[in-house]
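The values are calculated or read from the model by the stated rules, or taken from the named source; none is laboratory data. It should be emphasised that the depicted structure is a prediction, and the values quoted were computed from it without experimental measurement. Reconstructed Cβ throughout: ideal geometry from the backbone, glycine too, with neighbour counts over all protein chains shown.
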Amino acid sequence: MAALAADLGVLPTPAALDQTAMTDRDWRSHVASLTPHASFFPPADDTRLREAEDRLGLRLPTALRSLYAQSNGVRGEYELGLVWSVEQVVADNLMFRTRADFAELYMPFAPLLFFADAGNGDQFAFTILAGEVRRPDVFVWDHETDSRAWAAPDLRLYLEWWLSGKLKV
């Protein structure tokens, strides 16, 4: 994946360089401009987001909260989970962190907040450091090798690169 970053001409950005989150109005139009196959859903309200955060034990990243304020997840072509619903984020993250067989097969999942999948078993995540998501960067977890590699500097570019084919897993 380091080669991926070099190929794209970018380096991982520190939190200090994090862009301001897109406004609620921007997410739908931005994703729709990238693919005609996007499916959107009713927004997730603040109560639903707070409940998810309580169950996960951390605050969701600002960009993800902003997207959820407009659509509770985004599906792509063939129902690909470009961004999972809040409910799927909670269910999948808790499952990955608590399955006994996963503890024997993989490195710990506690440092990852999964929010999307590649359709092949690999998943996209934000990193959790000291109990919170401190960086906007998106990482990919490879389910076959258990590797975790940098994929994009933020949610917006993850969507752009994934949908344009610049990001491959």
Residues in the range 136-153 that are surrounded by fewer than 22 Cβ atoms within 10 Å (Cβ to Cβ) and either not in a strand (DSSP E or B) or not hydrophobic (A, V, I, L, M, F, W, C) (or both) total 7
Checking A52 against (1) among the small types (G, A, S); (2) at pLDDT 95 or above; (3) touching a Lys or Arg at 6+ places or on another chain (Cβ under 9 Å), which test does it fail?
(3)
Among the candidates N72, N120, single out the residue that is surrounded by fewer than 15 Cβ atoms within 10 Å (Cβ to Cβ), at pLDDT 95 or above and either among the aromatic types (F, W, Y) or not in a helix (DSSP H, G or I) (or both).
N120
Filtering the range 24-50 down to residues that are closer than 21 Å to V133 by Cα, in a helix (DSSP H, G or I) and free of Cβ contacts under 8 Å to residues at least 12 places away in the same chain yields D46, T47, R50
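A quick yes/no check of all residues on (1) crowded, with 16+ Cβ neighbours inside 10 Å; (2) more than 20 Å from F139 (Cα to Cα); (3) out of contact with any His (no Cβ under 7 Å at 6 or more places or on another chain); (4) not basic (K, R):
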site: P42; (1), (2), (3), (4): no, yes, yes, yes
site: E51; (1), (2), (3), (4): no, yes, yes, yes
site: E77; (1), (2), (3), (4): no, yes, no, yes
site: F115; (1), (2), (3), (4): yes, no, yes, yes
Restricting attention to the range 123-135, which residues are surrounded by fewer than 15 Cβ atoms within 10 Å (Cβ to Cβ) and out of contact with any Leu (no Cβ under 9 Å at 6 or more places or on another chain)?
L129, A130
Per-region count, the range 51-69, residues closer than 28 Å to K166 by Cβ and in a helix (DSSP H, G or I):
7
Tell me which residues, restricted to the range 79-113, are surrounded by 14 or more Cβ atoms within 10 Å (Cβ to Cβ), in a helix (DSSP H, G or I) and either touching a residue at least 40 places away in the same chain (Cβ under 8 Å) or touching a strand residue (DSSP E or B) at 6+ places or on another chain (Cβ under 8 Å) (or both).
V86, Q88, V89, D92, N93, F96
